[in-house]
1. Among Ile106, Ile30, Ile110, which is the only one that is under 25 Å from Arg177 (Cβ atoms), in contact with a Cys (Cβ under 6 Å, 6 or more places away or on another chain) and buried (at least 23 other Cβ atoms within 10 Å of the Cβ)?
2. Could you please tell me which pairs satisfy a Cβ distance under 6 Å, a separation of 6+ or placement on different chains, a first residue in segment 110-124 that is more than 13 Å from Glu139 (Cβ to Cβ), and a second residue that is surrounded by fewer than 17 Cβ atoms within 10 Å (Cβ to Cβ)?
3. Here are some residues: Leu65, Leu59, Leu100. Which one is closer than 18 Å to Arg147 by Cα and either out of contact with any Cys (no Cβ under 8 Å at 6 or more places or on another chain) or not acidic (Asp, Glu) (or both)?
4. Looking at segment 36-46, can you tell me whether even one residue there is assigned to a helix (DSSP H, G or I) and in contact with a Ser or Thr (Cβ under 8 Å, 6 or more places away or on another chain)?
5. Counting just the residues of segment 116-147 that are within 14 Å of ligand 1 (Cβ to nearest atom) and among the β-branched types (Val, Ile, Thr), which one comes out farthest from the chain's Cα centre (by Cα)?
6. Kindly indicate which of Ala162, Ala123, Ala171 is buried (at least 16 other Cβ atoms within 10 Å of the Cβ) and farther than 18 Å from Ala52 by Cα.
7. Grab the helices (runs of 4 or more DSSP H) fully contained in segment 84-178, keeping just those with 1 or more residues being modelled with pLDDT of 95 or more and touching a His at 6+ places or on another chain (Cβ under 8 Å).
8. Could you list, in sequence order, all residues of segment 128-147 that are of a type in the set (S, T, N, Q) and farther than 17 Å from Lys60 by Cβ?
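The values are calculated or read from the model by the stated rules, or taken from the named source; none is laboratory data. This structure is a prediction, so every number in the text was calculated from the model and none was measured. With ideal geometry, Cβ positions are generated from the backbone for all residues, glycine too; neighbour counts draw on all protein chains shown.
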Amino acid sequence: MTGWRPGDRRADAASMLRVDQAGEYGATRIYAGQLAVLRSNAPESKLIARMAAQEERHLKRFNELMAERRVRPTALQPLWNVAGFALGAATALMSEKAALACTDAIETEIDKHYGKQLVELGADDPELASDIAEFRDDEIEHRDTAREAGAADAFGYPLLTATIRAGCRVAIELSKRI
Ligand SMILES: [Fe+2]
Ligand SMILES: [Fe+2]
């Protein structure tokens, strides 16, 4: 990979990889926080454990690509470690439905984020694009799973999801830059 400069027509794949790895890492931390709080026999725990396993797979793949391409991770990794876990634990403490609303909100933003990246990448980086496209399908499935399981029944759903979505957008912008 040659260095990308602002104004280059080619997509900045290194920056994309950095933010995507940060996002998948954050996702594993959110689910870890939720699973730490939820009763293990709650139906939501089963759903969340399955989604968490998929996030682990996404993260592992981006870790591999970063190592191959010598892309540094975001310096904010320690923050996402704590903030992700805290968000997961806090939503699970509110209720099972709030935990699902968190997934609903996050995956809504990640679907949009991955969609934008695929447009930007175009035909520039088929290897990265195919991973993003595959993971995006998983994230859409997570969002739909959360909705079907009653995410919208969470107390204060509109405000809760709007707040989490805004936070997610901030995290994306910070991870691109730092
Ligand atoms: Fe993921
Ligand atoms: Fe996901």
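1. Values: Ile30 fails: in contact with a Cys (Cβ under 6 Å, 6 or more places away or on another chain); Ile110 fails: in contact with a Cys (Cβ under 6 Å, 6 or more places away or on another chain).
From the options Ile106, Ile30, Ile110, the qualifying one is Ile106.
2. Asp124/Arg10
3. Working: Leu65 fails: closer than 18 Å to Arg147 by Cα; Leu59 fails: closer than 18 Å to Arg147 by Cα.
The match here is Leu100.
4. Here is the first cut: in segment 36-46, the residues assigned to a helix (DSSP H, G or I) are 36-37, 43-46.
With the extra rule that they be in contact with a Ser or Thr (Cβ under 8 Å, 6 or more places away or on another chain), the set shrinks to none.
Taking every residue of segment 36-46 in turn, none turns out to be assigned to a helix (DSSP H, G or I) and in contact with a Ser or Thr (Cβ under 8 Å, 6 or more places away or on another chain).
5. The qualifying residue farthest from the chain's Cα centre (by Cα) is Thr145.
6. Values: Ala162 fails: buried (at least 16 other Cβ atoms within 10 Å of the Cβ); Ala123 fails: buried (at least 16 other Cβ atoms within 10 Å of the Cβ).
Going through Ala162, Ala123, Ala171 in turn, just one is buried (at least 16 other Cβ atoms within 10 Å of the Cβ) and farther than 18 Å from Ala52 by Cα: Ala171.
7. On the way: elements: 96-121, 126-148, 157-177.
Correct list: 96-121, 126-148.
8. Taking segment 128-147 and keeping what is of a type in the set (S, T, N, Q), we get 130, 145.
Listed by number, the list holds a single entry, Thr145.
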